[in-house]
1. Does a label point 7 Å from the Cα of residue 376, set along Cα-to-beta-carbon, have any residues of segment 417-452 with amide nitrogen under 16 Å, and which are they?
2. Compute the Cα gyration tensor for segment 356-487, then decide on rounded, prolate or oblate, letting a ≥ b ≥ c be the square roots of its eigenvalues: rounded whenever a/c is under 1.5, prolate when a/b is larger than b/c in the other cases, and oblate in all that remain.
3. Of 445, 365, 418, which is farthest on the positive side of the dipole of segment 356-487, counting Cα position, with +1 on Lys and Arg Cβ, -1 on Asp and Glu Cβ, and the Cα centre as origin?
4. Calculate the dipole size of segment 356-487 relative to its Cα centre from +1 charges on Lys and Arg beta carbons and -1 charges on Asp and Glu beta carbons; express the result in debye to the nearest 20.
5. Given labels modelled 7 Å from the Cα in the Cβ direction, how far is it in nm from residue 303 to residue 111?
6. Can you flag which of 234/472; 342/472; 178/342; 234/256; 367/472; 234/320 are past 25 Å Cα-Cα?
7. Sort the following peptides by mean Cβ neighbour count (other Cβ atoms within 10 Å, averaged over residues), highest first: 274-287, 227-240.
8. Please compute the length gained on full extension between residue 103 and residue 450, using 0.36 nm multiplied by the number of residues separating them and subtracting their Cα-Cα distance.
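The values are calculated or read from the model by the stated rules, or taken from the named source; none is laboratory data. This structure is a prediction, so every number in the text was calculated from the model and none was measured. Cβ placement follows ideal geometry from the backbone for every residue including glycine, while neighbour counts extend to all protein chains displayed. Just so you know, the surface numbers come from the protein's heavy atoms only, side chains and all, with ligands and any DNA or RNA stripped out. Shrake-Rupley method; radii C 1.70, N 1.55, O 1.52, S 1.80 Å.
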Amino acid sequence: MEHVGCTLTTTYAHPRPTPTNFLPAISTMASSYRDRFPHSNLTHSLSLPWRPSTYYKVASNSPSVAPYCTRSQRVSENTMLPFVSNRTTFFTRYTPDDWYRSNLTNYQESNTSRHNSEKLRVDTSRLIQDKYQQTRKTQADTTQNLGERVNDIGFWKSEIIHELDEMIGETNALTDVKKRLERALMGTEAPLQVARECLFHREKRMGIDLVHDEVEAQLLTEVDTILCCQERMKLHLDKAIAQLAANRASQHELEKDLSDKQTAYRIDDKCHHLRNTSDGVGYFRGVERVDATVSVPESWAKFTDDNILRSQSERAASAKLRDDIENLLVVTANEMWNQFNKVNLSFTNRIAETADAKNKIQTHLAKTLQEIFQTEMTIESIKKAIKDKTAFLKVAQTRLDERTRRPNIELCRDMAQLRLVNEVHEVDDTIQTLQQRLRDAEDTLQSLVHIKATLEYDLAVKANSLYIDQEKCMSMRKSYPNTLRLVGFC
């Protein structure tokens, strides 16, 4: 339980000790005057038994309030609040010394405040002049830095524009060479088709002429040569397409960098010409705290320098590829033309050989036909001779038959009988000999006829081979593309 007049605490069991002084120390009061916002905790009602002011303190010699404390135990707090007259009993007023000391303190603080204010005014005037000069110098330095920055951006802009023009020219040149390569590649299809058709037509040769001769070997070599040239052309065409993509990527980076440089140049040039009297200046609160930068001067210059170096590298690679394609077009055209001439020479030689063989076959065929005619005449003469010999044989056999009818002893083996028997044998032997010769002549005739058929077939084969090589193949090979077309100029 507390004494009346003391500040209540959260517990009523332990009384708060009473202060020994009436007023706070001078230093405490002085410090309270210097505060801009003095402490005033007036949240409770004035009718409550609290201190009415921060300057009131409980006297050290508190009057005896035992009767009242005993009475306060019997009377509730709500019944004591309305009695205001009781407050004079619990608080002690200041002494005159306190009053004089308070006034003296106020005078001293007033003098100190005026002195500090005068000093502050002088310092502030000097500070204003110094800050003005510093601000003007800072703005001038910033303007100079912006001018240097504009010059740097202008320099890199010119470098990018120069490199961009070079890259565009190189890309156009590589595009032209790529189109020539495509036309040359398309131009190889016709010779390849001709060579394959020649091989296909030569498969229609007949008999012994279906031979793997020099012409066929050269045609196969020509097909391989054209296919090899096409493979190399396609490889370089793929390289050209990839290089064009790399060139366009570098060009895109340069164009993007140039666009950024132009925007930055316009912005920095505008900032460089801004003055305090310019239109459009205003407050942008907190903008100095926003750091939206993504590079430093070294990385900024290195970025553009890397783009230019990359473009130069791609441009050098593109120029080398153009030279390779030019050389490839010349080399492939020479290879295909050389092989074309070899095939034509082989065709010419083969056609001459076939024509010579055909002429020889025709000569042999004519001789064979003449011999067949002679053999046929011989066969006819043999047949006529055999027919003639039959009459003699008939007479002799008739005589012998008639003489067998001689009666009795008249059947004599006389000279006439012997001669007739010999005559029959001789005529029969003659007929047998002629018949054998007839058979031989007929066999010879069959052989000649077979040779004739073989010669006629071989003649037809040679004629077919000549037609294929001379009429079909050589006529197709007359449409072989020229050198300008093989290198892609038309």
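1. Only 441-452 fall inside the zone, counting backbone N under 16 Å.
2. Prolate.
3. Checking the options against the dipole of segment 356-487, the answer is 365.
4. Dipole magnitude for segment 356-487 comes out near 520 debye.
5. Between residue 303 and residue 111, the simple spin-label model gives 6.7 nm.
6. Going by Cα-Cα distance, 234/472; 178/342; 234/256; 367/472 fall outside the 25 Å limit.
7. The packing order, highest mean first, is 227-240, 274-287.
8. The residue 103-residue 450 span can extend by a further 108.6 nm.
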